[in-house]
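J.: Please find one structure pasted underneath; my questions will follow.
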Amino acid sequence: MSTYFRIKPSEFIDETVRVSFKFNGKNYHGFKGDTLASALLANNVHLVGRSFKYHRPRGIMTAGSEEPNAIVQISDGTNRTEPNVRATEIEIYEGLEASSQNCWPSVNHDIGGINNAISAFLPAGFYYKTFMWPASFWEKYEYVIRHSAGLGKSPTERDPDVYDHRYIHCDVLVVGAGISGILAARNAAKNNLKTLLVDEKNELGGSTIYQNREFNKIENQNSSDWLKKEIKELRNIKNLEIKTRTSVAAFHGYNYLLARENLTDHLENKDKQGKIRQRLLKIRAKKVILATGALERPLIFNNNDRPGIMLSSAVKKYADFYGVVSGKKNVFFTNNDSAYESAFCLHNKGINVEAIIDIRESSNSKIVKAVEEAGIKIHWSHTIVDTRGYKRLSEISAMMLSNDGLSVTGSKINISCDCLGVAGGWTPAVHLFTQSGGKLKFDENDNVFLPNIYPSEQMSVGSCNGDFKLKEIISNLSTNLKQFLKVDKTDFDNVLIESEEENSKRNIWLLPSDKPIGKTKPFVDYQNDATAKDIKLALREGFRSIEHVKRYTTTGMGTDQGKLGNMHALGIIADTAGVKMSELGTTTFRPPYTPLTFGTIVGRNVGEYFDVFRRTPMNDWHIENKAEFENVGQWKRAWYYPANGETMHEAVQRESKAARESAGILDASTLGKIDIQGTDASEFLNRVYTNAWSKLGIGKCRYGLMLNEDGMVYDDGVTTRLGENHYLMTTTTGGAANVLGKLEDYLQTEWPELDVYLTSVTDHFATASICGPNSKKILNKLIPDLDLSEESFPHMSFKNAQIGNIKCRIMRISFTGEHSYEINVQSNYGKAIWEKCMEAGKEFSITPYGTETMHLLRAEKGFIIVGQDTDGTMTPIDLQMDWIVSKKKYDFIGKRSLYRSDTMKEERKQLVGLLTDDPNIVLEEGAQIVSDLNQSPVNMLGHVTSSYYSPNLKKSIALAVVRGGKNMMGKKLFIPMEDKTINVTIENPVFFDTENKRLNA
Amino acid sequence: MFLINCPYCGERDHQEFKAGGEAHIERPKQPTELSDDEWAEYLFMRKNIKGIQFERWNHAHGCRKWFNMVRDTSNDQIKLIYKMGEKPPAE
Ligand SMILES: [Zn+2]
């Protein structure tokens, strides 16, 4: 490593700790405290990547999170790899490996560089215009484009790290720990407000902390020295929590903010073990103070993107904070005084500054005078017209600017240099403010957008509020803070400040060259390779809305969201279209401010914790007996029980036969159960179900169909009258929560006069359903003294009973068409009762069956499943269930809709049975049904909703919805499939035991 | 990311709540007397205002109570929250 590029001293770098790292396979070292960018610059490495479209060599441009070019892939030889990391943010650690993105095969030899040579053919919208036609070719183009232009590689292995979420509630959140943020946070905490101060950097103090600015004094000390002392004292303040390496990603309404706290990314591998990598902070703050600072702007001129061209403030930060020099021969290019601070800082460290190119006519500030006195050449009223050097800047050319700033005159000055610091003024970082819904105003004087209308209790302070000079920062902060916190004084009201005023300003969004614009490359968005030329082209092609220009040219659409160039893009549009910046507005800044890892977003919700799931009390038994499971809503339900290597089909056929020939048992615990009580319970059921409930006797059960107000079937289930004013309603497994919500809605908002109380008891009861011709014998074995005669315990009735010591509610109801009983017990007895049923049923070969067999058995009987045979567009009439719709009841939910002209149409889709001509062909659920194969386009009559091979009927059966199907019994229709057409006939949907004899068998 | 002041529980994050559409649309007492158009008006027609809107909300993952909210849809500011059955403010 050449030592020339590391100058001493820097108190922020620990030169006693050497850190080795790899970049693009080569070994380097830096020191503890370096970022990857500062360590690379110290090794004189500027070339770190290739641009997205033209594959131009690109170098480190900034020293912060706004970096557009130095985007790298981080890996460390483990499963850990992360693309799109900004080299300016990542702190180096022993063993870090980073590599360039966007280049193939390597950053020095890049095939995509050909794009640069043919760039005249790659204007704005080129990809849209070319690769979209013909559409079928897109796949081929995409392969080539992705291969040469990717944005890093996504990890292929499981993320080895652990992430966390934390909720924080505070009185005041301060974002940004520069001088304004520190003073604001300290005063908030001192006024007994619970305060949280966060900063994305690892050090507090923002840009004030490292700058020894000659003309900025606080209490007659250098502002940096003064601030250091203040920071030391922060540790002793109560109510103040400070989080560094914490970047606020999003500012939502009602002062809800998301921040990422980075805990281990700066540690070497062995120290990362067992620690949480990143934590997502979900912060709800009563008040928010934004002290997010300002970002320096570049200047837009021909070939302004070569490695070695950096922001002037970055050149200064690398020198002041990291002790790193970015070049041997430095030139600055500016439209304001900031560059002079950088130049003077280098000069004072003994580093060569060749010249300053300034587009202004003059400036008489003290810092400019000091630079002049130091003998640094200043070219007033000049602009850079071109730069040279392919992989590293080697020379610039400057010319005199015309008075109107639109052209250049005179002769060319060529200056050889390897680093150019560019200073285009400052853009307040208002991103979070606008994310929160804040409205901006344009300040014509500084050419900046500033916070104007605040949507919540928040304020912006310091340079993000347009205060750039120390004196105005501190005095405005004092005034605003007192108002915001409602206090009389701050502890810095009487601090003595010295800073100088900048008078001379000149802003030109697009600087002219001696070449016509068509022959130049003035980059506005470095990451996405959008030039001023592209923006002008978009305007010529008729784009006017700033949002449209953005998408067409891709300006501001990179991972950096165009933090550097967005203002210039707006400026160039305003100038070209002849409108005012204030009329143009800005594009929307969207969260996150800087990219978040997926790991941080999901936190601990990975693997089995990704989503919640529910298990029945019999779950262990199902697992022990090798059940396969299916997800029904959040429930894990036993799907089928394969025995001796059976396929699913074989298992389901066996289970289905057993249930009809002897006995089957199903875990029905997941059905929704709602306990309904109150003197108006019967009236309530009358209003929510389509059928009548008043005459249902105590101890009796009834099937009910529930509609939406639009007449469409919503849910179904059996409800049992347990007592005079007491019912137990069951709902579908998936619909339980929604049904309860809907019923509560009607009770609370439409019928508050009804005396009815609803309680969800789904989890309180476990249900074992035994069915089949031997079910009665099994129940008799379980409860010998219970009268199971038809007279005493008929179909659709209920009894309280006891099996051993376990109390149970037994309903004689059936979803299979077989004689069957549902035994409900308190949940914790679920497994015990199940095992008792299995034991008692042993001599009858009782067979456990899962949801698939349940579906098959009910389809044999033509029973619908809400959500499978209905889809929110089926009325009970469509389902041929007219029998359940009461004609006598004056009203129930959805009744009026059944008489709308639309719901009464004859040609609505109606539920029918389907039989295939070939009984061995099982239809696909969802298959489309047509009547005329020669029609074009063919008219779809409907589709198959349920389809099975019935082992009991020895043929395939299906349910379907067909337009006008009700009146098409016996009609032959067709189901065209990819490889064949299947002939089907419309039948009655009840296929098995049409007279319901088995229920009472 | 609203902070909603449930009239029964106090301020809670909006994730606990469910929005229930426009408020003060009363279910007709005698639906069978209504024409198709009148019923359709009740059933389908809802306002979608940019500005002050009256809405129903439910504290679904809390006390399960329904209540009314006056919200400015242009900036998501909650102007007022009041219980079911209480009269809406006169603008
Ligand atoms: Zn509540």
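The values are calculated or read from the model by the stated rules, or taken from the named source; none is laboratory data. Since we're looking at a predicted model, the values are computed, not measured. For neighbour counting, all protein chains shown are included, and Cβ atoms are generated from backbone atoms with ideal geometry for every residue, glycine included. Protein only, heavy atoms only, side chains kept; ligands, DNA and RNA dropped before computing areas. Shrake-Rupley method; radii C 1.70, N 1.55, O 1.52, S 1.80 Å.
J.: Please specify each residue of region A:954-969 satisfying the condition of being open to solvent by 50 Å² or more (accessible area, probe 1.4 Å) and not in a strand (DSSP E or B). Even if it seems obvious, please write down each step before you answer.
T.: Step one: list which residues in region A:954-969 are open to solvent by 50 Å² or more (accessible area, probe 1.4 Å), which gives A:954-955, A:963, A:966-967, A:969.
Selection gives A:Lys954, A:Lys966, A:Asn967, A:Met969.
J.: Further, regarding this structure: For region A:358-396, which residues satisfy the criterion of being in contact with a Leu (Cβ under 8 Å, 6 or more places away or on another chain) and either surrounded by fewer than 21 Cβ atoms within 10 Å (Cβ to Cβ) or not assigned by TED's automatic domain parsing to the domain that holds A:Ser326 (or both)?
T.: Answer for region A:358-396, where residues must be in contact with a Leu (Cβ under 8 Å, 6 or more places away or on another chain) and either surrounded by fewer than 21 Cβ atoms within 10 Å (Cβ to Cβ) or not assigned by TED's automatic domain parsing to the domain that holds A:Ser326 (or both): A:Ser381, A:Lys391, A:Arg392.
J.: If you don't mind, there's one more thing I want to ask. Among what's in region B:25-48 and is aromatic (Phe, Trp, Tyr) and open to solvent by less than 50 Å² (accessible area, probe 1.4 Å), pick the residue that is farthest from the other protein chains (Cβ to nearest Cβ).
T.: Going residue by residue through region B:25-48, those that are aromatic (Phe, Trp, Tyr) are B:39, B:42, B:44.
Retained after the next criterion (residues that are open to solvent by less than 50 Å² (accessible area, probe 1.4 Å)): B:39, B:42.
Working: B:Trp39: 5, B:Tyr42: 8 Å.
For region B:25-48, the residue satisfying everything is B:Tyr42.
J.: Also: For region A:160-213, how many residues are in a loop (DSSP other than H, G, I, E, B) and under 27 Å from the mean Cα position of the chain (by Cα)? Don't jump to the end; show me each part of the working.
T.: In the first step, residues of region A:160-213 are kept if they are in a loop (DSSP other than H, G, I, E, B); the result is A:160-161, A:176-178, A:191-194, A:199-213.
Narrowing further to those that are under 27 Å from the mean Cα position of the chain (by Cα): A:160-161, A:176, A:199-202.
Qualifying residue count for the region: 7.
J.: Can you pull out the residues in region B:64-79 that are part of a strand (DSSP E or B) and within 12 Å of the ligand (Cβ to nearest atom)?
T.: B:Trp66, B:Phe67
J.: Do you know which residues across region B:8-19 are surrounded by 16 or more Cβ atoms within 10 Å (Cβ to Cβ) and more than 10 Å from chain A (Cβ to nearest Cβ)?
T.: Residues satisfying the conditions are B:Arg12, B:Phe17.
J.: Can you confirm whether region B:28-46 contains a residue that is in contact with a strand residue (DSSP E or B) (Cβ under 6 Å, 6 or more places away or on another chain), away from the ligand (no atom under 16 Å from the Cβ), in a loop (DSSP other than H, G, I, E, B) and among the charged types (D, E, K, R)?
T.: Here is the first cut: in region B:28-46, the ones in contact with a strand residue (DSSP E or B) (Cβ under 6 Å, 6 or more places away or on another chain) are B:46.
If we keep only those that are away from the ligand (no atom under 16 Å from the Cβ) as well, we get B:46.
Still in the list and also in a loop (DSSP other than H, G, I, E, B): B:46.
Remaining after also requiring among the charged types (D, E, K, R): B:46.
Yes, that holds for at least one residue.
J.: Another one. Exactly one condition in (1) out of contact with any Asp or Glu (no Cβ under 6 Å at 6 or more places or on another chain); (2) within 12 Å of the ligand (Cβ to nearest atom); (3) in a loop (DSSP other than H, G, I, E, B) is false for B:His61; which is it?
T.: (1)
J.: Using the structure shown, decide if A:Lys971 is free of Cβ contacts under 8 Å to residues at least 60 places away in the same chain and within 30 Å of A:Ala658 (Cα to Cα). Give the derivation first.
T.: Values: free of Cβ contacts under 8 Å to residues at least 60 places away in the same chain: yes; within 30 Å of A:Ala658 (Cα to Cα): no.
When the stated conditions are applied, A:Lys971 does not pass them.
J.: Select from region B:1-19 the residues that are in contact with a Lys or Arg (Cβ under 9 Å, 6 or more places away or on another chain) and more than 10 Å from the ligand (Cβ to nearest atom) and list them in ascending order. If you could, list the steps in order and put the result at the bottom.
T.: Just the residues of region B:1-19 that are in contact with a Lys or Arg (Cβ under 9 Å, 6 or more places away or on another chain), to begin with: B:1-9, B:13, B:19.
The answer is B:Met1, B:Phe2, B:Leu3, B:Asp13, B:Ala19.
J.: Can you tell which of A:Asp785, A:Asp763 is loosely packed, with under 15 Cβ neighbours inside 10 Å and assigned to a helix (DSSP H, G or I)? Please lay out each step first, then the result.
T.: On the way: A:Asp785 fails: assigned to a helix (DSSP H, G or I).
Result of the check over A:Asp785, A:Asp763: A:Asp763.
J.: Applying the selection to region B:72-89, what residues are open to solvent by 30 Å² or more (accessible area, probe 1.4 Å) and within 11 Å of chain A (Cβ to nearest Cβ)?
T.: Within region B:72-89, the subset open to solvent by 30 Å² or more (accessible area, probe 1.4 Å) is B:73-81, B:83-89.
Residues satisfying the conditions are B:Ser74, B:Asn75, B:Asp76, B:Gln77, B:Ile78, B:Lys83, B:Met84, B:Gly85.
J.: When you go through A:His819, A:His795 one by one, which is the residue that is surrounded by fewer than 19 Cβ atoms within 10 Å (Cβ to Cβ) and in contact with a helix residue (DSSP H, G or I) (Cβ under 7 Å, 6 or more places away or on another chain)? Write out each step before concluding.
T.: On the way: A:His819 fails: surrounded by fewer than 19 Cβ atoms within 10 Å (Cβ to Cβ).
The match here is A:His795.
J.: Evaluate the following for B:Phe54: is it within 16 Å of the ligand (Cβ to nearest atom) and either facing another protein chain (nearest Cβ under 10 Å) or among the hydrophobic types (A, V, I, L, M, F, W, C) (or both)?
T.: On the way: within 16 Å of the ligand (Cβ to nearest atom): no; either facing another protein chain (nearest Cβ under 10 Å) or among the hydrophobic types (A, V, I, L, M, F, W, C) (or both): yes.
Spelling it out, it is not the case that B:Phe54 is within 16 Å of the ligand (Cβ to nearest atom) and either facing another protein chain (nearest Cβ under 10 Å) or among the hydrophobic types (A, V, I, L, M, F, W, C) (or both).
J.: Tell me the strands (runs of 3 or more DSSP E) entirely within region A:11-96 that contain at least 2 residues that are closer than 21 Å to A:Ala249 by Cα and under 31 Å from the mean Cα position of the chain (by Cα). Please lay out each step first, then the result.
T.: Values: elements: A:14-23, A:26-32, A:47-50, A:57-59, A:71-75, A:81-86.
In region A:11-96, the matching strands (runs of 3 or more DSSP E) lie at A:71-75, A:81-86.
J.: Here is a further query. B:Tyr82: at pLDDT 95 or above and within 16 Å of the ligand (Cβ to nearest atom), yes or no?
T.: On the way: at pLDDT 95 or above: yes; within 16 Å of the ligand (Cβ to nearest atom): yes.
Considered against the rule, which asks whether it is at pLDDT 95 or above and within 16 Å of the ligand (Cβ to nearest atom), B:Tyr82 comes out as yes.
J.: Report those strands (runs of 3 or more DSSP E) wholly inside region A:247-347 carrying at least 1 residues which are within 14 Å of another protein chain (Cβ to nearest Cβ), closer than 29 Å to A:Ala185 by Cβ and without any contact (Cβ under 8 Å) to a residue 40 or more places away in the chain. Can you show your working first?
T.: On the way: elements: A:256-262, A:276-290, A:294-296, A:309-311, A:330-334.
In region A:247-347, the matching strands (runs of 3 or more DSSP E) lie at A:256-262.
J.: Hey, any hits in region A:735-755 for a residue that's more than 13 Å from chain B (Cβ to nearest Cβ), open to solvent by 30 Å² or more (accessible area, probe 1.4 Å) and in contact with a strand residue (DSSP E or B) (Cβ under 8 Å, 6 or more places away or on another chain)?
T.: So far as region A:735-755 goes, no, none of its residues is more than 13 Å from chain B (Cβ to nearest Cβ), open to solvent by 30 Å² or more (accessible area, probe 1.4 Å) and in contact with a strand residue (DSSP E or B) (Cβ under 8 Å, 6 or more places away or on another chain).
J.: Within region A:324-336, track down each residue that is more than 39 Å from the chain's Cα centre (by Cα) and crowded, with 23+ Cβ neighbours inside 10 Å. Before you say what the answer is, go through the steps one by one.
T.: Of region A:324-336, the ones more than 39 Å from the chain's Cα centre (by Cα) are A:325, A:327-336.
A:Val325, A:Gly327, A:Asn330, A:Val331, A:Phe332, A:Phe333, A:Thr334, A:Asn335, A:Asn336 - these are the residues of region A:324-336 that are more than 39 Å from the chain's Cα centre (by Cα) and crowded, with 23+ Cβ neighbours inside 10 Å.
J.: Which one of the conditions (1) more than 10 Å from chain A (Cβ to nearest Cβ); (2) open to solvent by less than 40 Å² (accessible area, probe 1.4 Å); (3) within 16 Å of the ligand (Cβ to nearest atom) does B:Glu22 fail to meet, given that it meets all the rest?
T.: (3)
J.: Of all the residues that make up region A:886-919, how many are over 25 Å from A:Met968 (Cβ atoms), within 10 Å of another protein chain (Cβ to nearest Cβ) and open to solvent by 80 Å² or more (accessible area, probe 1.4 Å)?
T.: Counting residues in region A:886-919 that are over 25 Å from A:Met968 (Cβ atoms), within 10 Å of another protein chain (Cβ to nearest Cβ) and open to solvent by 80 Å² or more (accessible area, probe 1.4 Å) gives 1.
J.: In addition: State which residue is nearest to A:Val912 (Cα to Cα) when the search covers only region A:933-952 and only residues that are of a type in the set (A, V, I, L, M, F, W, C) and open to solvent by less than 50 Å² (accessible area, probe 1.4 Å). Let's see the steps before the verdict.
T.: Keep residues of region A:933-952 that are of a type in the set (A, V, I, L, M, F, W, C), which gives A:933, A:938, A:940-941, A:944.
With the extra rule that they be open to solvent by less than 50 Å² (accessible area, probe 1.4 Å), the set shrinks to A:941, A:944.
On the way: A:Leu941: 12, A:Val944: 9 Å.
Of everything passing the filter in region A:933-952, A:Val944 is nearest to A:Val912 (Cα to Cα).
J.: So which residues in region A:356-370 are hydrophobic (A, V, I, L, M, F, W, C) and either assigned to a strand (DSSP E or B) or in contact with an Asp or Glu (Cβ under 9 Å, 6 or more places away or on another chain) (or both)? Explain how you work it out, then say what you get.
T.: To start, the set of residues in region A:356-370 that are hydrophobic (A, V, I, L, M, F, W, C) comprises A:356-357, A:359, A:367-368, A:370.
Of everything in region A:356-370, those that are hydrophobic (A, V, I, L, M, F, W, C) and either assigned to a strand (DSSP E or B) or in contact with an Asp or Glu (Cβ under 9 Å, 6 or more places away or on another chain) (or both) turn out to be A:Ile356, A:Ile357, A:Ile367, A:Val368, A:Ala370.
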